[in-house]
Amino acid sequence: MPKLKKRRLGFVLDMTPLVDITFLLLTFFMLTAKFKSEAETQQRFTIVRPQATADTSRLPDKDLAIIKIGIDTLTGDTAYYYEMTNETDWFQVIGGLEQYQQIGQGQRIRQIRAGLQELDELIRRTRIVRPTTRFAIDADRRVRYKWVEELMEVLRQNRATVFNFVTDRRPPENPPM
Amino acid sequence: MGVADFSGEAKRERRGSTRRRKKMRRLRYRLDMTPLVDIAFLLLTFFMLTTTLITPQVMEMTIPPERTQVEVRQSDLLTLQIRSDGKVFYNLGTDAPQPITLKDLESLAVRENVRLKNRLITVLKASPNVAYGTVITVLDVLNRAEVQIAEQLAREGLRRERRFAIAPMTPEEEQALAQL
C-alpha cells in the first residue's frame, strides 16, 4: 500500500539550467545571424559558386564592389550584375550616370544589370569615388570562362588589378582530383 | 448584507495583523515557465535553421596592369592550357602540349618549381568556352601546390616568390588543342 502512494506523488523538474543554456544559444544565434543584404533580395538568380580548398580568407564586408555573373532562373541567360556594399558610395556612383539617374532618387535599387560598357563606366566611377574599394567576382561555376575573361579585361583597363574570386569551401571528402 | 459586510471588515482587519502578514510573505510561489521556454525554443530553432555559419571565402588574383610583352626564357615557362571540354594540357618551354590529370598537375607544379627555384613562370590559358568552375579548380590545385613549394624551398633557404600569369587563349592555340 505505501508503494502505491509514492507513485502518485508529482515531481518537479528544475528547468533553470535548461533555460539558461537555451537563452545562451538563442543569444549566440541571434547575434551571429546575418541577414540578406538589400541587393541580394533584388536578384533573380542564385549563384552556384565554384568550390576551392578551405582556407582562412574571407570575403571582406566593407567597401566591396561585387560583380556577379549569374544565370537567370527564369530565362536562363547569363548577365553581369553590379552591386556595392557601401551605400553612400553606391548612390554616388550610380547618381552620376544618366541612365541610372532616376534610380538614385525614387526606388532603392541596390543591384543593377550591366553590359560590359556600363561595367567599365561603373568600375571607373567606383575607383574615383573610393580608390580603396575592393573588387570581387562572384560568378556561377557553370558560366563560360569567356564572361570572366572579358570582365578581367575591363578591370585591367581600370587599373583594378587585384581582385577576388568568390568561392565556396570545398568539403574535405571531395578533393579536386 | 450588513452582517456580511461586517464580517468582511473583520476579516480584513485580521489579515492586516502583523502575525498574519509574516506568514503570507513566507509562502513560496511558483512561476509557470512553460510559455517562456516555448518561445525561447521557437526562436532558437528559427535562428539555428536560418543561419549559415560558413561565409564565402575568396581566392585572390593579381593581373598585370598592362598587356606588355615581356621577354622570358622559354625553358622557364610552364604553360597550362584548359581545353573547352575541361581537359588540362601542359608544356614546358616549346614542347608539345601533353594531357595531364589534376592529381599529376599538383606534383608537376611542385617538382618543376622546386627544380627551377622560383624561376619558373606558370601561364594559365583557358579556352573561352570552358566552364568557369573548371578554371577555379585548376587554380585551386596550383594554390595547393604552393604550400608544398614554399615548404620545400624554405628547406633550401629560399623564400617563395610566385610567378603566375593568366593569359587569353588565341584561336590558333584552341584549334591546336582540339586536334590532340
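The values are calculated or read from the model by the stated rules, or taken from the named source; none is laboratory data. None of these values were measured; they are calculated from a predicted model. Cβ coordinates were reconstructed from backbone atoms using ideal geometry, including for glycine residues, and neighbour counts include every protein chain displayed. For accessibility, only protein heavy atoms count, side chains too; no ligands or nucleic acids. Shrake-Rupley method; radii C 1.70, N 1.55, O 1.52, S 1.80 Å.
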Subset of A:LYS36/A:LYS62; A:LYS68/B:LYS125; A:LYS146/B:LYS87; A:LYS36/B:LYS125; A:LYS68/B:LYS103 violating a 25 Å alpha-carbon distance limit: A:LYS36/B:LYS125; A:LYS68/B:LYS103
Using the Karplus curve 6.51 cos²θ - 1.76 cosθ + 1.60 with θ = phi - 60°, work out ³J(HN,Hα) for each residue of region B:31-45 in order, rounded to whole Hz, and write x for Gly and Pro. 8, 7, 8, 3, x, 4, 5, 4, 5, 4, 5, 4, 5, 4, 4
Excluding B:VAL110 itself, calculate the net charge of residues whose Cβ lies under 14 Å from the Cβ of B:VAL110, where each Lys or Arg counts +1 and each Asp or Glu counts -1. +2
Report the percentage of all Cα-Cα pairs in region B:74-178 whose separation exceeds 20 Å, rounded to a whole percent. 35
Could you state the angle between the C-alpha long axis of helix A:16-32 and the longest principal axis of the C-alpha atoms of chain A, as a value from 0 to 90 degrees rounded to the nearest 10? 0
B:THR50 to B:GLU156: FRET efficiency via 1/(1 + (r/R0)^6), r the Cβ-Cβ distance, R0 51 Å, to the nearest 0.05? 0.50
The orientation-averaged projected area of the Cα convex hull of chain A, in nm², is 18.7
Cα pair distances of the protein assembly as shown binned at 10 Å [whole percent]: 4, 17, 23, 18, 12, 7, 5, 5, 5, 3, 1, 0
Using the alpha-carbon atoms, what tilt in degrees (0 to 90, nearest 10) does helix A:145-157 show relative to the longest principal axis of chain A? 60
Distance from the Cα centre of region A:9-84 to that of region B:40-82, in angstrom? 18
Amide H of A:ALA114 versus every other amide H placed in the peptide plane: which residues, excluding those fewer than 5 positions away on the same chain, fall under 5 Å? A:TYR80, A:TYR81, A:TYR82
Heavy atoms only, 1.4 Å probe, whole protein assembly: order A:LEU155, B:LEU27 by accessible area, highest first. B:LEU27, A:LEU155
Using the charge dipole of the protein assembly as shown (Lys, Arg: +1 at Cβ; Asp, Glu: -1 at Cβ; taken about the Cα centre), state which of A:VAL12, B:PRO56, A:VAL143 has its Cα farthest towards the positive end. A:VAL12
For region B:74-178, averaging the sequence separation of alpha carbon pairs under 8 Å that lie six or more residues apart and dividing by its residue count, the contact order in percent is 31
With every protein chain left in place and a probe of 1.4 Å, what is the accessible surface of B:SER75, to the nearest 10 Å²? 70
